[in-house]
1. At pLDDT 95 or above, within 23 Å of residue A:99 (Cα to Cα) and crowded, with 21+ Cβ neighbours inside 10 Å - does that describe any residue in the range A:344-352?
2. Which is touching a residue at least 12 places away in the same chain (Cβ under 8 Å), within 14 Å of chain A (Cβ to nearest Cβ) and in a loop (DSSP other than H, G, I, E, B), of B:489, B:501?
3. Given the criterion surrounded by fewer than 17 Cβ atoms within 10 Å (Cβ to Cβ) and under 23 Å from residue A:178 (Cα atoms), identify the matching residue among B:407, B:422, B:475, B:451.
4. Might you check whether a residue that is within 14 Å of chain A (Cβ to nearest Cβ), free of Cβ contacts under 8 Å to residues at least 24 places away in the same chain and buried (at least 18 other Cβ atoms within 10 Å of the Cβ) occurs anywhere in the range B:357-364?
5. Report yes if residue B:433 is at pLDDT below 95 and surrounded by 15 or more Cβ atoms within 10 Å (Cβ to Cβ), otherwise no.
6. Determine which single condition residue B:382 fails, assuming it passes every other condition in (1) buried (at least 20 other Cβ atoms within 10 Å of the Cβ); (2) closer than 23 Å to residue A:451 by Cβ.
7. For residue B:419, state whether it is more than 30 Å from residue B:128 (Cβ to Cβ) and within 14 Å of chain A (Cβ to nearest Cβ).
8. Keeping to the range B:262-277, report how many residues are in a loop (DSSP other than H, G, I, E, B) and touching a strand residue (DSSP E or B) at 6+ places or on another chain (Cβ under 8 Å).
């Protein structure tokens, strides 16, 4: 009931039968202790249905481990040994904060997030999920945000393929328009047992986390959200905590998991800041791997200075424009990920109808300010299948340009770009390189006919003209002393300037 | 030496010979008192050179006036009578604040500013000035900002055709690049007598104020500015006050004059807030007509809550984006005029290379937030003639679209548009009409495929689709109850919705 070898940063899973009397989800506990010369990790297990209990563990070191699994689930105490083999190609470990404002995998490889959002793609019929995976395999994105709970919102009134709890949902017929004030999570038609999870829901969800992991995509999991007609957003404290513990026990061992406590946290009417802090506390205590943790706003930023928050996961608004990024960096001293900057599309909603050009422009503007951005897409669709909610298929013009931006980011000599303190529209990759050694200028909507430079009299600088929309990189030449670069007079151009001698 | 009749809001000018001994600019005074049953106005006069003193007066009422002119300039006291005739067509009087955030001429006609900036067009050779006037006659703009003093800045190192003082300037040869830190207003080569004005400089300038007035264009005069190599920005208090009094005495009687105390006030290194307040005090005391008064920032807004400031004359910056307009309206309760939002063009400077589309988009975004905007243009030119500085010729794509916006504004039922408190991207013309009676939605970069509306069950609403770039207005139909409007899926579209029954 456990493997003899496991790859570093992969999942070691122990499974054993256990008690079924009463309610196995709450009446019994199970935990594992995993030891090697380099680490001792205690991890909670969980009940996976059908009389089976499991404990999962993600080893962070190669070599031999011993383990002990025990708890009230069984009279038996299980012990054993296994060996952790080196990480295979493409397995770089979990993503961590690096260089204050940036990210790197645990093996040190820089990670430049270019994310997307498909809130409930894992709750769609399996053939649609496979289409989403096909689209993701094209490599546009290396992070995706999605929800554990199903979603009740415009374009998305069908029931999910599975529910997270035992029970039956309220009627969904006749729903055509989401109204923030008339949804009824407490609809008495909902018949749920919040003390009994539906393991199938979580197993199917985990299949997708694994698929993402295998294609190198981070799973930015939204654990709670307000778009609800079933009551999942309004459970009491005990049930909330039960849910959090179950989620952590099941998902924490996946190396590609990020925790997003909520989407639009202020819109969960029954939750207070004390609740969010309690969930965070559980997460800090129960996730042995300390995956990245954040919480996503609608209008009001959460207090990102809270020590449990590893990075800011921001939604832009009229009064939270991307121009604030340098202030946020200064204030929070953490990476800034703008995970909602509005969506490429043409739906009615104000947040869902920007052009591909505007999407790409915002990505670049955000990047040049030393932050990261996330994509989303909302085109009117005859079957109401919108990428932002369902996944399935991309229709926009931005994804390949975002892939191009990612390629540029990967060429930064030092992890990440930081905005120049001195020059507007300039980011540098520092500090191991001198401030003049690598810089990118981005002009956005502007289209200067030329730019003049002077760094010093002795070094040579290679200048490339990047068309961020056309996805071309053209060499402008190698220059010394005072020089002028002619630009093509179009929008969305960038310059990359590298010291070459 | 004075006319027997004058049009209402036109200039009555009295001229008489006077003393020439010593320095007539400072040794003698002259003032006029103008009386009718409706007003008594005291106005300072000025020395116009060649032994001639003048006093100017702008009457605000029709009918018979008497006047007395006296002062140490002459032993004689002059008295007389004249008649003020009705304002001719197109003469609506000076512009005043109306409806808190908007403007109207003194006769009540709404005035919707669509301004431009040509800092030193009046300091160019006369044939270039005539070209500028030809361009302005096309009616794109109804306000223009320009400077009394000449300007020392990139693209603009030639000496002006006249100087405001007697004396000789420093050498201008070899200047190619403006450097904020190495310009030398105190260059000892400058030989000026700051106590002796050059009346010719002011007369030529006044010709242009008059030309603008006759074509219905407001002259937004920038009295001080920092782009200087002659020392005009660094005179002492006595000479500053002399200058201000001379300027007020000469220009205040022109009905189309607005006072802009400074361009980029913080960049005048030798002036303090006490200085600006002293000039403002002079202006309030000496301008009998209380023309509009403001002061223009670079990075730091002046305190627009000061009571002498009639409207906010704002330059946008990274941290002063147009999204702040509703805050400024709330805070200052005055009209907001964004007189610099960056320029249409392609020069190197970050503020001088946006596209025509971006210029027009910003105008509309600003308008929808209940404020007004100003145009400027900076295209690379073989003879370094850039509209923003020299005037001469327009090359951009925005002016005709701004004229189109002005036409839309003129169709507001009540003076001006105000941002909807409830709906993003919506402005209403209220309050004499109900809030649903006239609204404009503008989508900017967004391009929704449709929009749904519901105002009430009984009234009919006419909907028009405005292409703000294509300059077309297309009727979408007349609707009642719940309705949906299909949009063309392009950027830069607006909707105008009017209750029609």
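1. no
2. On the way: B:501 fails: within 14 Å of chain A (Cβ to nearest Cβ).
Answer to the selection: B:489.
3. On the way: B:407 fails: under 23 Å from residue A:178 (Cα atoms); B:475 fails: under 23 Å from residue A:178 (Cα atoms); B:451 fails: surrounded by fewer than 17 Cβ atoms within 10 Å (Cβ to Cβ).
Checking each option against the conditions leaves just B:422.
4. yes
5. In short, yes.
6. Failed condition: (1).
7. Working: more than 30 Å from residue B:128 (Cβ to Cβ): yes; within 14 Å of chain A (Cβ to nearest Cβ): yes.
Against the criterion (more than 30 Å from residue B:128 (Cβ to Cβ) and within 14 Å of chain A (Cβ to nearest Cβ)), residue B:419 qualifies.
8. Qualifying residue count for the region: 4.
The values are calculated or read from the model by the stated rules, or taken from the named source; none is laboratory data. Remember, it's a predicted structure, so these values are computed and weren't measured experimentally. Quick reminder, even Gly has a Cβ in these numbers, built from the backbone with ideal geometry, and neighbours come from all protein chains shown.
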